[in-house]
1. Quick one: would you say VAL109 is under 19 Å from PRO192 (Cβ atoms) and aliphatic (A, V, I, L, M)?
2. Which is over 15 Å from the mean Cα position of the chain (by Cα) and touching a residue at least 40 places away in the same chain (Cβ under 8 Å), of LEU98, LEU40, LEU44?
3. Being crowded, with 19+ Cβ neighbours inside 10 Å and closer than 15 Å to VAL187 by Cβ narrows it down to one of ALA116, ALA123, so name that one.
4. Of all the residues that make up segment 90-110, how many are under 23 Å from PRO124 (Cβ atoms), of a type outside the set (A, V, I, L, M) and surrounded by fewer than 17 Cβ atoms within 10 Å (Cβ to Cβ)?
5. So the check is Cβ under 8 Å with 6+ separation or different chains; which pairs have a first residue in segment 49-73 that's over 24 Å from ALA11 (Cα atoms) and a second one that's of a type in the set (Gly, Ala, Ser) and not in a loop (DSSP other than H, G, I, E, B)?
6. Of LEU158, LEU84, which residue is touching a Pro at 6+ places or on another chain (Cβ under 9 Å), in contact (Cβ under 8 Å) with a residue 40 or more places away in the chain and surrounded by 19 or more Cβ atoms within 10 Å (Cβ to Cβ)?
7. Please give the helices (runs of 4 or more DSSP H) falling wholly within segment 95-214 in which 1 or more residues are at negative phi and modelled with pLDDT under 95.
8. Quick one: what pairs do we get from segment 177-191, first residue closer than 16 Å to GLY208 by Cβ, second aliphatic (A, V, I, L, M), C-beta under 8 Å, 6+ apart or different chains?
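The values are calculated or read from the model by the stated rules, or taken from the named source; none is laboratory data. All values derive from a computational prediction rather than experimental measurement. Don't worry about glycine lacking a Cβ; one is built from the backbone with ideal geometry, like all the others, and counts go over all protein chains shown.
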Amino acid sequence: MGERKRGSAEAPNLGEPSTPRPSASVVLLRRGGKHADRALEVLLVKRTEEAKFMPGVWVFPGGGVDAADGSGEAGHRACAVRELEEEAGIALPGDEELILFSRWITPEVVSRRFDAWFFLAMAPAHTPPEPDGIETTDAGWFEPRAALGAQEAGELALSFPTIHQLGMLLPFAGSGAVIEAFRDRPVEPILPKVVGSSQEDHRVVLPGDPDYPI
């Protein structure tokens, strides 16, 4: 797959690293319901090609935490629920369980950075996604393996954190198993770093990789 389009906010930062903005997303899982034999599916939305950050990329619905959302984990949760409804037209019930799934911090070399919290949630029944036509232009349910295969084939543009999180879902046959597996699992923030001496050999490494800079 060729290099995806980069937005102006993804330009390299050659000075001091910027402060990551708090943000939150929902990794929305489809319930089995009467389709109990249906494979695990997750909601992805396509960002507009006009976006300054990750234009045209398929992502989990989400965005920056606003002051009205509150602070701390409660603010991140409120943001995740709000962004899901704004970007995909899906409103979660007030008592819907949100489980912290992962937390990613944008590499220091990127101009605009986010401290992004991702929450697992179950989709309400009979709520097809409806992109808002402004921030998001398309939406759909994807089996994690199929989404990764489409990315490899050049049919979908996915970000590095999205690819990694879809990979985390591969061992699970259904949404209930995912919820149970991650309900009490501790989550540590992940700060990817870009290594390599030239544009040609740049690559992203994660904590625990042998060449991750200390």
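1. Details: under 19 Å from PRO192 (Cβ atoms): yes; aliphatic (A, V, I, L, M): yes.
Considered against the rule, which asks whether it is under 19 Å from PRO192 (Cβ atoms) and aliphatic (A, V, I, L, M), VAL109 comes out as yes.
2. Details: LEU98 fails: over 15 Å from the mean Cα position of the chain (by Cα); LEU44 fails: over 15 Å from the mean Cα position of the chain (by Cα).
None of the others qualify; the one that does is LEU40.
3. Details: ALA123 fails: closer than 15 Å to VAL187 by Cβ.
Residue meeting the stated conditions: ALA116.
4. 5
5. Short answer, once both residue conditions are applied: ASP69/GLY75; ASP69/ALA78; GLY70/ALA78.
6. On the way: LEU158 fails: touching a Pro at 6+ places or on another chain (Cβ under 9 Å).
Result: LEU84 is the single residue among LEU158, LEU84 that is touching a Pro at 6+ places or on another chain (Cβ under 9 Å), in contact (Cβ under 8 Å) with a residue 40 or more places away in the chain and surrounded by 19 or more Cβ atoms within 10 Å (Cβ to Cβ).
7. Working: elements: 144-152, 160-169, 175-182.
Because the criterion is at least 1 residues that are at negative phi and modelled with pLDDT under 95, the helices (runs of 4 or more DSSP H) in segment 95-214 that meet it are 160-169, 175-182.
8. That search, which allows pairs on different chains as well, returns VAL187/LEU100; PRO189/ILE105; ILE190/ILE105; ILE190/LEU206; LEU191/ILE105.
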